[in-house]
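Working notes, structure below.
Values in this text are rule-based calculations from the coordinates and carry no lab data. Quantities reported herein were computed from a predicted structural model and do not represent experimental measurements. Neighbour counts run over all protein chains shown; Cβ positions are idealised from the backbone, glycine included.
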Amino acid sequence: MYTSAEIISVGTELLLGDIVNTDTAYLARELAALGIPCYHQSVVGDNPARLRDSLSLALSRADLVLLTGGLGPTCDDLTKETAAALMGKTLVLHERSYDRIRVVLEKRGLPETDNQKKQAMLPPDAVVFDNDYGTAPGFAMEDPENGKTMILMPGPPRELEPLFAERVRPYLAKKTAHDGKNDTIYSLNIGLYGIGEAAVEAVLRDRMESGSNPTVAPYCGEGEVRLRITARGEDEDSCRRLCLSVAEEIRGVSCEPWRPGTLDDYIYGIDCDSLGAALVGILREKGLHISCAESCTGGYVAKRITDIPGASEVFDGAFVTYAEKTKVAFVGVKEETLSACSVYSEEVAREMAHGCRSAVGADIGIGITGIAGVDDLVRIYHGKEETLPAGTVFIAVTDGTRTECTRMELSPGRRAPLEAREYIRRRASSQAMWMAVKMGK
């Protein structure tokens, strides 16, 4: 049984921010599921000396070290060579891996260059993990005398994730077979919207500080909060039951005096990946269909809904009505409403929501209009001039009987124009989906 693990991601491109490091998050979740504690994570560039220092430190405090990246054919791919030297291992040609590399190159119609052989140079006693999704194999180096193991894997997520799931996870599962004690760790996530991390922490502080099993911890997102409930037990089923019991308790916790209602009023899903997934799930469960008319969000809601598998069962279509004339032509916004209230108004959002719902015969309609930029704009609202701050968005959601509306003021702050537009569109789309989730319930 491993007592601690460390993850090291190798690649100068990660340090420069050219690539988002999703490998570490994936591996951390997998280690937790296997009951292996991970206490440190780091990123190091393609530099042998610095990599050696990072590896030496990792081996001094962990008995399992996972490395990603730097296994390719080029001269800057030095993870394997550095790690093997530190473990006192030589590298020899692994014929099976070399044969597999040549087959892949042939299938892709690529020439076999001399440096491709570099990827098949492995320690003779390595546990080799065949890579069915790329050329560089993964492998484990074991040092039984010191109780240390290094596992090296390719960096691209499209290779690393299936390689880990199919090869590395079974290897580690055998190594971590427990003796009936509390060796399994399981986490369950609760997604909340419309309440801040500070308020969540305030109402759950006693439970969080109790240190009891399961533990509860909040994590702040963009307009959202994720509560992670983590249990330790004999097996996954018993841990999940513990987590679900705590989740049920949390539902009934009062948010007073910081927010009205209970935490259940802000929960969009349990073990649900996103607001989009929650919305699609609720609509499928209730047999409801949805449509949307979007202006400043430019189809962002439609994208986030259709990103979810099964969306075709509930999503009837969308209208990106960016210009005033398309709002009139496609979703029936009245010319007099535009004239009296301006395009930036709750009234227009309402008519967009009703119009897109009627146009396709959906059960629920969403309408969004506003300012996705960094400049304040002036509107004429019922004959009076009014300045609207940048980031003002009006959202309406209707089921034909009930119509809910909200006005958001999403200050772009010091964000660059493109970043500001993305931020406003993303936040507005989240609010629209949350309103639809509540109406769908």
About the Cα centre of the chain, how large is the charge dipole given +1 on each Lys and Arg Cβ and -1 on each Asp and Glu Cβ? Please answer in debye to the nearest 20. 300 debye
So for region 275-440, averaging the separation of alpha carbon pairs under 8 Å that are six or more residues apart and normalising by length, what relative contact order in percent results? 24 percent
Sorted largest first, extent of the chain alpha carbons per principal axis (Å): 81, 56, 41
R0 of 22 Å, Cβ-Cβ distance Ser339-Arg402: FRET efficiency to nearest 0.05: 0.20
Please give the peptides 271-282, 154-165 ranked by average Cβ packing (other Cβ atoms within 10 Å per residue), highest first, as a rough proxy for protection. 271-282, 154-165
Report the label-to-label distance for Thr22 and Ser411 in nanometres (one decimal), using points 7 Å from each Cα along the Cα→Cβ vector. 3.3 nm
Taking every pair of Cα atoms in region 5-175, average 1/r, invert it to obtain the Kirkwood radius, and report Rg/Rh to two decimals. 0.94
I need Lys174, Lys325, Lys117 ordered by Cβ neighbour count within 10 Å, fewest first. Lys174, Lys325, Lys117
Going by average Cβ neighbours within 10 Å, how do the peptides 138-145, 400-407 rank, with the highest at the top? 138-145, 400-407
Could you give the nm distance between label points at Leu418 and Arg61, where each point is 7 Å from its Cα heading toward the beta carbon? 3.8 nm
Packing-based ranking, highest mean first, of 89-102, 417-430 given that Cβ atoms within 10 Å are counted: 417-430, 89-102
Looking only at the chain, where both bridge partners belong to it, what percent of the DSSP beta bridges are antiparallel (to the nearest 5)? 65 percent
What FRET efficiency would be calculated for the residue pair Glu95, Ser238, taking the C-beta separation as r and a Förster radius of 60 Å, to the nearest 0.05? 0.85
Estimate the FRET efficiency between Asn47 and Arg108 by the formula 1/(1 + (r/R0)^6), using the beta-carbon distance for r and 35 Å for R0, to the nearest 0.05. 0.70
Which percent, to the nearest 5, of DSSP beta bridges fully inside region 5-175 are antiparallel? 40 percent
